[in-house]
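The values are calculated or read from the model by the stated rules, or taken from the named source; none is laboratory data. Only a predicted model underlies this, so the values are computations on that prediction, with no experimental measurement involved. All Cβ positions, even for glycine, are placed from backbone atoms using ideal geometry, and neighbour counts span all protein chains on display.
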Amino acid sequence: MTLPLRGVVAVVGGGPAGLMAAEGAALAGARVTVWDAMPSVGRKLLMAGRGGLNLTHSEPLEAFRTRYGAAAGVIGPALDAFPPAALRAWADELDQATFVGSSGRVFPQAMKASPLLRAWLRRLGGQGVRFALRRRWQGWDASGRLVFAEPDGSVERVTAAATVLALGGASWPRLGSDGGWASVLAERGVPLAPFAPANCGFEVTWSDGFRERHAGSPLKPVAFAHGGRTVRGEAMISAYGIEGGAIYALSAGLREAVARDGSAELVADLRPEMAVEELARRLAGVAGAPSTATRLRKGAGLSPAAAALLREGDPELPRDPAALARRIKAHPVRIGPPQPIARAISTAGGIALDALDDQFMLCDLPGVFAAGEMLDWEAPTGGYLLQAAFATGLAAGRGAARFIAE
Ligand SMILES: Cc1cc2nc3c(=O)[nH]c(=O)nc-3n(C[C@H](O)[C@H](O)[C@H](O)COP(=O)(O)OP(=O)(O)OC[C@H]3O[C@@H](n4cnc5c(N)ncnc54)[C@H](O)[C@@H]3O)c2cc1C
């Protein structure tokens, strides 16, 4: 039996990272209270479950780690300790069996987050984890106590033996994570990378006619290339520009290119599964003396939105089938600024990873740990965001328990 540790671990932020930190610390014998500004925890997790909760990904761990780019060195050990297989086993224990979708993504069979969150909160309660809701963390007072503002304006001060900050990024602020913590930590000298939208759409200056007719139309299948990377998937034309999985996967590079150059070129392949020669043959094989529109529809099988996209900015398409095929396979789209961070799926930037030790403790604030999206890493959609939130949360929670034990 684990002996109870003296002192309370305060977990501030009840998203997936904070709840996992609470579980890790509680299982290590700590008394844990989770504080959250909202009236209930896990709101972004519930939102993530709206379109099918993509918990993690089934690809081999070696490939999985590369999704975090330069941050893999810090996120990697947390993933090794709590890899995708462990996350699936954890979900199983909550009676939320998972399955691998055709793209390799992992979902709970219920697809939604609500049954998983309900079962998890029940289990956390059984582990003795307490919740203090509607408490907005404001920083520390002069005695090192955590300061929380209550809705009626009163202030609660809390002495914690160790603290895990899991306050999320700055996207979708109405769900609770608004990035307000950044100024508190900056004042304490914690190095922070500026917030930036990640997994977000980008502005494109469409013609009025194209926007009116095709906003809301999917492009599928499609492949986009930028900066030497090609991503196949789907995208959606929107009134402001373009969004969707294939765009999100390229969003880090696009964001940097737009910040540097003012705009960026994305190259769309509107028939990614077909070689250019085969496409040219099919375009040439359309019977009669077809118009270009007919060739695009019958020969290339393009949707009205994909055909119209080809004419954006350049209504005169080549008539020669080989040249037309090359264009369908490499159509340039000029991309403008990313969507505001409030509308992005996730946040880049946050606490610099070199400010943390290998337990996810802030080197300059002993006893204060940090986890989840508030750290400076980013990853594409596909389950990589939640997996890293869970894994870093667990590492920080275990670290906090170890800290008070020592
Ligand atoms: C629409 C949408 C769909 C998504 N779908 C997926 C998906 O399918 N798969 C995937 O992997 N990821 C998905 N994500 C991303 C994923 O939900 C996040 O990466 C994840 O929730 C981050 O977890 P976190 O615990 O770090 O932060 P959060 O979930 O943001 O939790 C932070 C918590 O801190 C609290 N908080 C913030 N500031 C304070 C304060 N000052 N005082 C007290 N409490 C505070 C907040 O109320 C919140 O409860 C999606 C995101 C969105 C927006």
Tell me yes or no: at least one residue of segment 159-176 is of a type in the set (Gly, Ala, Ser), in contact with a strand residue (DSSP E or B) (Cβ under 6 Å, 6 or more places away or on another chain), free of Cβ contacts under 8 Å to residues at least 24 places away in the same chain and closer than 30 Å to Ile404 by Cβ. no
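Kindly establish whether Ala355 is touching a strand residue (DSSP E or B) at 6+ places or on another chain (Cβ under 9 Å) and away from the ligand (no atom under 16 Å from the Cβ). Walk me through how you get there before you give the answer.
Numbers: touching a strand residue (DSSP E or B) at 6+ places or on another chain (Cβ under 9 Å): yes; away from the ligand (no atom under 16 Å from the Cβ): yes.
Against the criterion (touching a strand residue (DSSP E or B) at 6+ places or on another chain (Cβ under 9 Å) and away from the ligand (no atom under 16 Å from the Cβ)), Ala355 qualifies.
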Please go through segment 173-202 and pick out each residue that is closer than 20 Å to Ala342 by Cα, surrounded by 17 or more Cβ atoms within 10 Å (Cβ to Cβ) and away from the ligand (no atom under 14 Å from the Cβ). Leu192, Ala196, Phe202
Of residues in segment 20-43 being buried (at least 23 other Cβ atoms within 10 Å of the Cβ) and of a type in the set (D, E, K, R), the one nearest to the chain's Cα centre (by Cα): Asp36
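So which residues in segment 92-102 are crowded, with 20+ Cβ neighbours inside 10 Å and closer than 16 Å to Tyr384 by Cα?
Thr98
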Residues of segment 200-223 that turn out to be more than 25 Å from Ser171 (Cα to Cα) and among the polar types (S, T, N, Q), as a count: 1
For segment 145-158, which residues satisfy the criterion of being of a type outside the set (D, E, K, R) and either within 14 Å of the ligand (Cβ to nearest atom) or modelled with pLDDT of 95 or more (or both)? Leu146, Val147, Phe148, Ala149, Pro151, Ser154, Val155, Val158
Just checking, how many residues over segment 145-157 are out of contact with any Ser or Thr (no Cβ under 8 Å at 6 or more places or on another chain) and either under 16 Å from Phe369 (Cβ atoms) or crowded, with 16+ Cβ neighbours inside 10 Å (or both)? 2
Segment 2-41, subset over 24 Å from Pro83 (Cβ atoms) and polar (S, T, N, Q), residue nearest to the ligand (Cβ to nearest atom): Ser40
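Considering only segment 203-254, give the strands (runs of 3 or more DSSP E) lying wholly within it that have at least 2 residues that are of a type in the set (D, E, K, R), under 18 Å from Ser102 (Cβ atoms) and in the same structural domain as Ala307 (by TED's automatic domain parsing). Don't jump to the end; show me each part of the working.
Numbers: elements: 218-226, 229-237, 241-243.
Output list reads 229-237.
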Taking segment 30-53 only, how many residues are modelled with pLDDT of 95 or more and in contact with a Ser or Thr (Cβ under 7 Å, 6 or more places away or on another chain)? 2
Restricting attention to segment 377-406, report how many residues are buried (at least 24 other Cβ atoms within 10 Å of the Cβ) and of a type in the set (Val, Ile, Thr). 1
Looking for something touching a Phe, Trp or Tyr at 6+ places or on another chain (Cβ under 6 Å), of a type outside the set (A, V, I, L, M) and surrounded by fewer than 22 Cβ atoms within 10 Å (Cβ to Cβ) - is there at least one such residue anywhere in segment 245-265? no
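Quick one: which residue in Arg123, Arg105 is more than 17 Å from Gly52 (Cα to Cα), surrounded by 13 or more Cβ atoms within 10 Å (Cβ to Cβ) and in the same structural domain as Leu175 (by TED's automatic domain parsing)? Don't jump to the end; show me each part of the working.
Working: Arg105 fails: more than 17 Å from Gly52 (Cα to Cα).
Residue meeting the stated conditions: Arg123.
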Check whether at least one residue in segment 112-119 is within 14 Å of the ligand (Cβ to nearest atom), assigned to a loop (DSSP other than H, G, I, E, B) and outside the structural domain of Gly245 (by TED's automatic domain parsing), and report yes or no. yes
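Tally time: how many residues in segment 129-166 are part of a loop (DSSP other than H, G, I, E, B), out of contact with any helix residue (DSSP H, G or I) (no Cβ under 6 Å at 6 or more places or on another chain) and not basic (Lys, Arg)?
Of segment 129-166, the ones part of a loop (DSSP other than H, G, I, E, B) are 129, 133-135, 141-145, 150-154, 159-161, 166.
Still in the list and also out of contact with any helix residue (DSSP H, G or I) (no Cβ under 6 Å at 6 or more places or on another chain): 133-135, 141-145, 150-154, 159-160.
Next, only the ones that are not basic (Lys, Arg) stay: 133, 141-144, 150-154, 159-160.
So the count comes out to 12.
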Taking segment 356-376 and the residues there that are of a type in the set (Asp, Glu) and under 13 Å from the mean Cα position of the chain (by Cα), the one that is surrounded by the fewest Cβ atoms within 10 Å (Cβ to Cβ) would be Asp376
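Residue-by-condition table, conditions (1) closer than 26 Å to Ala300 by Cβ; (2) free of Cβ contacts under 8 Å to residues at least 60 places away in the same chain:
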residue: Ser238; (1), (2): yes, yes
residue: Gly241; (1), (2): yes, no
residue: Ala252; (1), (2): no, no
residue: Glu256; (1), (2): no, yes
residue: Arg260; (1), (2): no, yes
residue: Glu265; (1), (2): yes, no
Exactly one of Ala293, Ala284, Ala280 is closer than 24 Å to Ser217 by Cβ and free of Cβ contacts under 8 Å to residues at least 60 places away in the same chain, and that one is Ala293
